[in-house]
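*Asks:* Below are the structure tokens for one structure; questions will follow.
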Amino acid sequence: MDATIRWVLTAYRVFGPVDIKNIRRERLLLGLTVLMAVLVLLYRYGVPALTTALQVRLGFDLLPYYDLVMSMYVGTAAGTVGVVVGFLLLDERDDRTLTALLVTPLPVGSYLAYRITLPLALSFVLTIVTYPLVGIAPLPIVDLLVISGLASFAGPAAALFLATFAENKITGLALTKVINAVGSLPVLAYFVPAPWQWLAGLVPGYWPMKALWLAAAGEAYWGGALVGLVVNVAVVWWLLRRFDAIMRR
Amino acid sequence: MAKSVVRVDGVRFTYQGGAAPAVTDLAFEIPAGEIFGFLGPSGAGKSTTQKLLIGLLTGYEGRIAVFGRDLGEWSSDYYERLGVSFEFPNHHLKLTALENLDYFRSLYTGPTEDPRTVLAQVGLEADRDKRVAEFSKGMRGRLNVARALLSKPELLFLDEPTAGLDPVTSRSIRELIRERREVGATVFLTTHDMVVADELCDRVAFIVDGRLALVDAPRALKLEHGRRTVRVELDGPDGRSVSEHALDGLGSDPGFLQALRSGRVQTIHTQETTLEEIFVRVTGSALS
């Protein structure tokens, strides 16, 4: 087996159990993990209940906006995974374990590969599994694969954003609000006509939302998805470079 | 002299954006099996030198070779042969001491020590299942040392390994360092503690303002910088009296002989100096 792959697998084998222990022993992280399950229930049962209430009390029909509602879900789910991993990274920075790691035989690249691919994979799996569980705006599996793939970049992006810009866990909590705000902002683009709507494309989280809106409307989304992939990879790459520099300080 | 494990030649390093080099004209060798003490005031370049040697800083001028190979030629397998104990503790606070060591041990591919063994060696065996968050600063420092020993290192970097320790624990850590030398390990010891440096180090280097001020064995330094005299304290009816006599010709020095015969001798000390005094003199003169 290629040495690089072997080291990345070692990183998964070694850091995986450490991360699980750290999450289990930190109330905040455990809470965020539980929040993800709550989110599924909230969207599955809360949104239909809200739709009925709005219909009865205000005569407003939320049903045509379920694609918008689910685009918010997709962004939040992946972002929450990223915040959990981001706090693990902040812990590692606060505890200075990253410095200790630099003087072990594990190549730094393997560690970084683990730290990027873990939230990416978790966000992807979480989105693709829980979207049908929510079940209020079903999509064909191919569309869901593309949308989950694009949305999953919010995982490493949020994690690296926290680890790069937060001084410690206190400022990390404050920055979580920034992540939520930036992650939700592209929702507004739903109400803005093209070409002005494309301005929202500067925010990486816009692209999975846009793909979802187009897919729900039965329109082609491949071009946008491709641009979204480039934007998301570029943002994660930039954050990764910054984090790498901080790690070596 | 044994084969050099570390060879540093004309090394100069400036941090990005730094006005002046952090270290300059560094040149020294450390033979296999030596405990090499690296001493100097805060900000003199001790940490920079250690970071250069363990490969955390690159982009230096000059040459650094470790185990006979240029540092730049080593890949991450360099760290299979190294043990590094940083000055500041760096452990997962929510994990226990044993979990921390188990985790680090699994990053090595070569033979390693049993974490329980190294925990016992630093006196933390009874605390192995405690979370590190519950550890005192001294205990965390000892865990640093324990982790540095995990890989059975040929070259051990220890930064202030006895800082904040009680005298008994400090002694056991010093004993542990000596044991590593006995089994052939080379030790690069950074410390402010002159007693530790004097007791443990085969040679010491003083770094001041990024330059090596002197490198020698502690004994040679103390003799060179001290006075070749003996100081005698006598207790008498008129109180305490002190006299000093040259070592050369001491056996025929009438004053010294008279003092010995008086039966009132309280203390006799040769006047070689201490490392601490040399440290103050060397760093003080350089700073003035």
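The values are calculated or read from the model by the stated rules, or taken from the named source; none is laboratory data. Keep in mind it's a predicted model, so treat the numbers as computed, not measured. Cβ: placed from backbone, ideal geometry, glycine included. Neighbour counts: every protein chain shown.
*Asks:* How many residues does the range B:135-179 hold that are among the hydrophobic types (A, V, I, L, M, F, W, C) and surrounded by fewer than 18 Cβ atoms within 10 Å (Cβ to Cβ)?
*Replies:* As a first pass, look at the range B:135-179 and keep what is among the hydrophobic types (A, V, I, L, M, F, W, C): B:135, B:139, B:143, B:145-146, B:148-150, B:155-158, B:163, B:165, B:168, B:173, B:176-177.
Subsequent filtering for residues that are surrounded by fewer than 18 Cβ atoms within 10 Å (Cβ to Cβ) retains B:163, B:168.
Here the count works out to 2.
*Asks:* Across the range A:209-225, what is the total count of residues that are of a type outside the set (K, R) and surrounded by 13 or more Cβ atoms within 10 Å (Cβ to Cβ)?
*Replies:* The initial filter retains those residues of the range A:209-225 that are of a type outside the set (K, R), namely A:209, A:211-225.
This time we only want the ones that are surrounded by 13 or more Cβ atoms within 10 Å (Cβ to Cβ), so: A:209, A:211-216, A:221, A:224-225.
Adding up the residues that qualify gives 10.
*Asks:* Given the criteria surrounded by fewer than 21 Cβ atoms within 10 Å (Cβ to Cβ), at pLDDT 90 or above and either of a type in the set (G, A, S) or touching a strand residue (DSSP E or B) at 6+ places or on another chain (Cβ under 9 Å) (or both), does A:G205 qualify?
*Replies:* Working: surrounded by fewer than 21 Cβ atoms within 10 Å (Cβ to Cβ): no; at pLDDT 90 or above: yes; either of a type in the set (G, A, S) or touching a strand residue (DSSP E or B) at 6+ places or on another chain (Cβ under 9 Å) (or both): yes.
Considered against the rule, which asks whether it is surrounded by fewer than 21 Cβ atoms within 10 Å (Cβ to Cβ), at pLDDT 90 or above and either of a type in the set (G, A, S) or touching a strand residue (DSSP E or B) at 6+ places or on another chain (Cβ under 9 Å) (or both), A:G205 comes out as no.
*Asks:* Give the residues of the range B:1-43 that are surrounded by 14 or more Cβ atoms within 10 Å (Cβ to Cβ) and modelled with pLDDT under 90, sorted by residue number.
*Replies:* Correct list: B:G40, B:P41.
*Asks:* Still on this structure, please answer the following. Run B:D129 past the list (1) under 20 Å from B:V6 (Cα atoms); (2) modelled with pLDDT of 95 or more; (3) surrounded by fewer than 20 Cβ atoms within 10 Å (Cβ to Cβ) and report the number of the one that doesn't hold.
*Replies:* All conditions pass for B:D129, except number (1).
*Asks:* A further question on this structure: For the range B:68-112: of the residues being more than 7 Å from chain A (Cβ to nearest Cβ) and touching a strand residue (DSSP E or B) at 6+ places or on another chain (Cβ under 6 Å), which is farthest from B:G18 (Cα to Cα)?
*Replies:* My answer is B:T96.
*Asks:* Identify, from the list B:T229, B:T273, the residue that is at negative phi, at pLDDT below 90, over 18 Å from the mean Cα position of the chain (by Cα) and of a type in the set (S, T, N, Q).
*Replies:* Working: B:T229 fails: at pLDDT below 90.
It is B:T273.
*Asks:* For the range B:79-138, give me each residue that is polar (S, T, N, Q), part of a helix (DSSP H, G or I) and free of Cβ contacts under 8 Å to residues at least 24 places away in the same chain.
*Replies:* Applying the first criterion (polar (S, T, N, Q)) to the range B:79-138 yields B:85, B:90, B:96, B:100, B:106, B:109, B:112, B:117, B:121, B:136.
Now narrow it down to the ones that are part of a helix (DSSP H, G or I): B:100, B:117, B:121.
Within the range B:79-138, just B:T117 meets the criteria.
*Asks:* Go through the range B:65-85 and report how many residues are of a type in the set (K, R) and closer than 21 Å to B:N144 by Cβ. Reasoning before the result, please.
*Replies:* In the first step, residues of the range B:65-85 are kept if they are of a type in the set (K, R); the result is B:69, B:81.
Now narrow it down to the ones that are closer than 21 Å to B:N144 by Cβ: B:81.
Total satisfying the criteria: 1.
*Asks:* Looking at A:L162, A:L139, A:L133, which is the one that is under 17 Å from A:L239 (Cα atoms) and either without any contact (Cβ under 8 Å) to a residue 40 or more places away in the chain or away from chain B (no Cβ under 14 Å) (or both)? Quick ask: steps written out before the conclusion?
*Replies:* Working: A:L139 fails: under 17 Å from A:L239 (Cα atoms); A:L133 fails: under 17 Å from A:L239 (Cα atoms).
Every option except A:L162 fails the conditions.
*Asks:* Within the group B:G62, B:G43, which residue is free of Cβ contacts under 8 Å to residues at least 60 places away in the same chain, away from chain A (no Cβ under 13 Å) and outside any loop (DSSP other than H, G, I, E, B)?
*Replies:* On the way: B:G43 fails: outside any loop (DSSP other than H, G, I, E, B).
Answer to the check: B:G62.
*Asks:* Tell me, please, whether a residue that is under 21 Å from B:V215 (Cα atoms), out of contact with any helix residue (DSSP H, G or I) (no Cβ under 6 Å at 6 or more places or on another chain) and modelled with pLDDT under 90 can be found in the range B:52-74.
*Replies:* no
*Asks:* Starting from the range A:41-68, take each residue that is touching a residue at least 12 places away in the same chain (Cβ under 8 Å) and list its partners that are in a helix (DSSP H, G or I) and loosely packed, with under 12 Cβ neighbours inside 10 Å, counting only C-beta distances under 8 angstrom and pairs at least six apart or across chains.
*Replies:* Hits for this filter: A:R44/A:L133.
*Asks:* Suppose we keep only residues that are outside any helix (DSSP H, G or I) and not hydrophobic (A, V, I, L, M, F, W, C) within the range A:93-122. Which one would you say is surrounded by the most Cβ atoms within 10 Å (Cβ to Cβ)? Before the answer, list the steps.
*Replies:* Taking the range A:93-122 first, the residues outside any helix (DSSP H, G or I) are A:95-96, A:103-107.
From what's left, not hydrophobic (A, V, I, L, M, F, W, C): A:95-96, A:104-105, A:107.
Working: A:D95: 21, A:R96: 14, A:T104: 23, A:P105: 19, A:P107: 19.
That would be A:T104.
*Asks:* Is it fair to say A:V187 is farther than 17 Å from A:V230 by Cβ, surrounded by 14 or more Cβ atoms within 10 Å (Cβ to Cβ), β-branched (V, I, T) and touching a residue at least 60 places away in the same chain (Cβ under 8 Å)? Write out each step before concluding.
*Replies:* Numbers: farther than 17 Å from A:V230 by Cβ: yes; surrounded by 14 or more Cβ atoms within 10 Å (Cβ to Cβ): yes; β-branched (V, I, T): yes; touching a residue at least 60 places away in the same chain (Cβ under 8 Å): yes.
For A:V187, the condition - farther than 17 Å from A:V230 by Cβ, surrounded by 14 or more Cβ atoms within 10 Å (Cβ to Cβ), β-branched (V, I, T) and touching a residue at least 60 places away in the same chain (Cβ under 8 Å) - is met.
*Asks:* Name the helices (runs of 4 or more DSSP H) wholly inside the range A:1-92 in which the number of residues that are within 14 Å of another protein chain (Cβ to nearest Cβ) and surrounded by fewer than 18 Cβ atoms within 10 Å (Cβ to Cβ) is 2 or more.
*Replies:* Details: elements: A:3-24, A:27-41, A:47-58.
Answer list for the range A:1-92: A:3-24, A:27-41.
Residue-by-condition table, conditions (1) touching a Ser or Thr at 6+ places or on another chain (Cβ under 9 Å); (2) farther than 30 Å from B:G43 by Cβ; (3) among the charged types (D, E, K, R):
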position	(1), (2), (3)
B:R227	yes, yes, yes
B:L234	yes, yes, no
B:G239	no, yes, no
B:V242	no, yes, no
B:R261	no, yes, yes
B:R264	yes, yes, yes
B:T267	no, yes, no
B:T270	yes, yes, no
B:F279	no, no, no
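*Asks:* Now, a different point. So B:I278 passes all but one of these: (1) out of contact with any Leu (no Cβ under 7 Å at 6 or more places or on another chain); (2) surrounded by 15 or more Cβ atoms within 10 Å (Cβ to Cβ). Which condition number does it fail?
*Replies:* For B:I278, the exception is condition (1).
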